[in-house]
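None of the figures in this text is laboratory data; all of them are computed from the coordinates on show. The structure presented is a predicted model; accordingly, all values stated were derived computationally and were not measured. Because the Cβ atoms are built from the backbone with ideal geometry, glycine has one as well, and the counts that use them run over all protein chains shown.
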Amino acid sequence: MSGAWWRDQVVYQVYPRSFADADGDGIGDLRGILEHVDHLADLGVGVVWLSPVYASPQDDNGYDISDYQAIDPVFGTLEDLDALVAALHERGIRLVMDLVVNHTSDEHAWFVESRSSRTSDKRDWYWWAPPRPGHVGGEPGAEPTNWVSFFSGPAWEWDEASGEYFLHLFSRKQPDLNWENPQVRSAVHAMMRWWLDRGVDGFRMDVIDMISKTVGPDGHLPDGVPGSAGTAEPTLADGSAAFITGPRLHEFLHEMHEEVFAGREHPVLTVGECPGITVEEAVLATDPQRREVDMVFQFEHVDLDHGDGKWDHRPLALPVLKASLARWQEGLADAGWNSLYWDNHDQPRAVSRFGDDGPAHRVASAKTLATVLHLHRGTPYVYQGEELGMANVPFERIEDYRDIESRGHYRAAVAAGQDPADVLVALRRTSRDNARTPMPWDGSPTAGFTTGTPWIGVNPENVTVNVAAQQGDDDSVLAHYRRLIRLRKEEPAVVEGRFALLLPDHEQVWAFTRTTPVTELLVIANCSSQEAQVQLDLTGWTPYDALVPSHGDGPADVGTLRPWESVVLRRRLS
């Protein structure tokens, strides 16, 4: 792991549509990002993960790609991307592209050719199948399998012209590529090499653990078993066992590594988003000796507050959350590497979900959640606005939402008889649009995001929660993130230390150690809105350094912590 440069870095995710708009059309763009690269440099991050900016019909906000080697005009040009890469590199920051190769847009040239005829050379670049025997295509129940789309409804779409169904695990405008076909894999590899040759520094690969589907002995995809999704996020009622970490996944990832990344002169980073992956599979995927990917995104901890699907909220006890992260810490302690995150473009805001977004505790809970995450072993990810303590958005009407998943759930739930008001409550808690409101650069009506009309409503909290307001405030969430990122670079135990969970059953306190032969760190965090008593044996801990306290100079007594108070203690062992 000595060459794993990314272990001591922090990754910052930019969702370009909502980050900064340079041309006033209300939609963020590459030039807007370029105008704010100093914000990223001042924060101290070492990698920017850029959500898709490829040519796209924008059915799923760019995760439906129609041309992998072109930039969508709404975001700018290839020259704009080159300029962004250069500006980041000048500041010592690498750029990782978001890549979606489980599926394409139905407007991609590959799929246009594939659906043109059953005899097309690219027909088997995608998954096509006839109706079930005895059924008529296009009618309910005629779908080849009972698989369910993540975006509601069957995962198969009837194509009248060619008389077959095509598979789409997501939107009907996102047909799944058939990775069993070596021509598909070769074309994807060539495209990835093209981007690396252009100067990008790696890829975050969307739902990459779904590229291998289980194929039955008859060559067809099988029906799923209800409930087989386990902890997959989002949870599918049917089919997930046939496509989550499928039988050839590790083979495909290793082949990609050898064909695309092996022998590169400049360091690259590969991250696989893997809904439903187990610890055991993650160890295999990230063990450097196996040459697959550098790290994976797992979804276990962000599925814990889901009941019957992601829209059904259930209370989450702190011991359950602690145990989940500790299990991954222990599972990847000797092989592989963890990715650490609370927020991203698909998740609601952490301070509303795991913290307390009320006026009394929002700042402290945002700081403490950050401390807990960044002091675990792994590479932390910061999603735009997280470094400010942004909370969920209080949208009141379904018309305020833009997310295809949220709108689809609303339609389906209301049609099934749910009270629209109750459905909106679930959306305000869980919708992906919570993460997609404009980045608040200042307290103006459009948050300094645009001179036009934003494509989605501004979170009204921007009046007080914005970059300008926190810029010179040493007690702000932004300043706390800067200190955490700086600590990671200055203290080797943050990167290298062994992890050990303490007080696993404590309902309020999250405590753990990170230990090297030279230094030991003790993280003590009150993850509640009430005062907490901490009973820890600190024999041998005098003297210690108190690092990155959430409250000014830190607690007067680490045995009693104020609401959402946290501190990191450091002692020298040799």
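Based on the Cβ-Cβ distance of Leu538 and Glu490, what FRET efficiency does E = 1/(1 + (r/R0)^6) give at R0 = 22 Å, to the nearest 0.05?
Details: r = 23 Å, r/R0 = 1.06.
That gives a FRET efficiency of 0.40.
From the P(r) of the chain, can you give the percent of Cα pairs sitting at distances over 30 Å?
More than 30 Å apart: 51 percent of the Cα pairs in the chain.
For every other residue with a beta carbon closer than 12 angstrom to the beta carbon of Ser529, add +1 if it is Lys or Arg and -1 if Asp or Glu, then tell me the sum. Could the numbers behind the result be given before it?
On the way: positive: Arg362, Arg562; negative: Asp356, Asp357, Glu531, Glu565.
Net charge in that neighbourhood comes out at -2.
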| note | For the range 182-334, the Debye formula with one identical point scatterer on each Cα and no solvent gives log10 I(q)/I(0) at q = 0.15, 0.17 Å⁻¹ as -0.88, -1.06
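Could you compute the FRET efficiency for Ser444 and Asp422, with r as their C-beta to C-beta distance and R0 at 22 Å, rounded to 0.05? Mind dumping the intermediate values first?
Numbers: r = 34 Å, r/R0 = 1.56.
That gives a FRET efficiency of 0.05.
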| said: Out of the chymotrypsin sites (Phe, Trp or Tyr not before Pro) in the range 521-569, which ones are loop residues according to DSSP with at most 15 other C-beta atoms within 10 Å? | reply: Trp541
| note | Rounded to one decimal in Å, the inverse mean reciprocal Cα-Cα distance for the range 334-381, i.e. its Kirkwood radius, is 11.6
| request: Compute the distance in nm between two label points, each set 7 Å from the Cα along the Cα-to-Cβ direction, one at Asp25 and one at Glu531. | output: 5.7
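Please report the net charge: other residues with Cβ closer than 13 Å to the Cβ of Val74, K and R +1, D and E -1. Please list the in-between numbers first.
Working: positive: Arg17, Arg31; negative: Asp21, Asp23, Asp25, Asp29, Asp72, Asp80.
Spelling it out: positives minus negatives among the neighbours equals -4.
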| Distance in nm between pseudo-label sites at Ser574 and Val112 (7 Å out along the Cβ direction from Cα) | 6.5
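What is the Å³ per residue value for the convex hull set by the Cα atoms of the range 262-311? All intermediate terms of the calculation are to be shown ahead of the outcome.
Values: hull volume 4.1 nm³, N = 50.
Normalising the Cα hull of the range 262-311 by residue number yields 82 Å³.
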| field | P(r) histogram, all alpha-carbon pairs of the range 105-176 included - 10 Å bins from 0, percent | value | 23, 54, 22, 0
| Cα→Cβ-extended label distance, 7 Å offset, between His266 and Val279, nm | 3.8
| request: Apply the Karplus parameterisation 6.51 cos²θ - 1.76 cosθ + 1.60, with θ equal to phi minus 60°, to every residue of the range 41-56 and state each ³J(HN,Hα) to the nearest whole Hz, in sequence, with x for glycine and proline. | output: 5, 5, 5, x, 5, x, 9, 10, 9, 9, 4, x, 10, 5, 4, 6
| query | Using the alpha-carbon atoms, what tilt in degrees (0 to 90, nearest 10) does helix 362-374 show relative to the longest principal axis of the chain? | reply | 80
| Using alpha-carbon pairs under 8 Å, 6+ residues apart, how would you state the relative contact order of the range 182-334 in percent? | 22
| message | How tilted is helix 404-415 with respect to the longest principal axis of the chain? Cα atoms for both, answer in degrees (0 to 90, nearest 10). | response | 70
| said: Counting only other residues whose beta carbon sits under 14 Å from that of Gly24, what net charge do I get with K and R as +1, D and E as -1? | reply: -4
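Assuming R0 = 35 Å, can you tell me the calculated FRET efficiency for the pair Arg91 and Val320, based on Cβ-Cβ distance, to the nearest 0.05? It would help to have the intermediate numbers written out before the result.
Numbers: r = 40 Å, r/R0 = 1.14.
Calculated value: 0.30.
Quickly rank 131-139, 101-109 as a protection proxy: mean count of other C-beta atoms within 10 Å, highest first.
Details: 131-139: 12.8, 101-109: 22.6.
In decreasing order of mean packing, 131-139, 101-109 become 101-109, 131-139.
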| request: Report the full-extension gain for the segment Thr560 to Ala468: residue separation times 0.36 nm, less the Cα-Cα distance, to one decimal in nm. | output: 29.7 nm
| remark: In Å³ per residue, the alpha-carbon convex hull of the range 295-422 encloses 130
| query | Given a cut-off of under 8 Å on Cα pairs at least six residues apart, what relative contact order in percent is computed for the chain? | reply | 13
| field | On Cα atoms only, tilt of 182-198 relative to the major axis of the chain in degrees | value | 50
| Pairs of lysine in the chain with Cα under 19 Å and at least 8 positions apart or on different chains: total? | 4
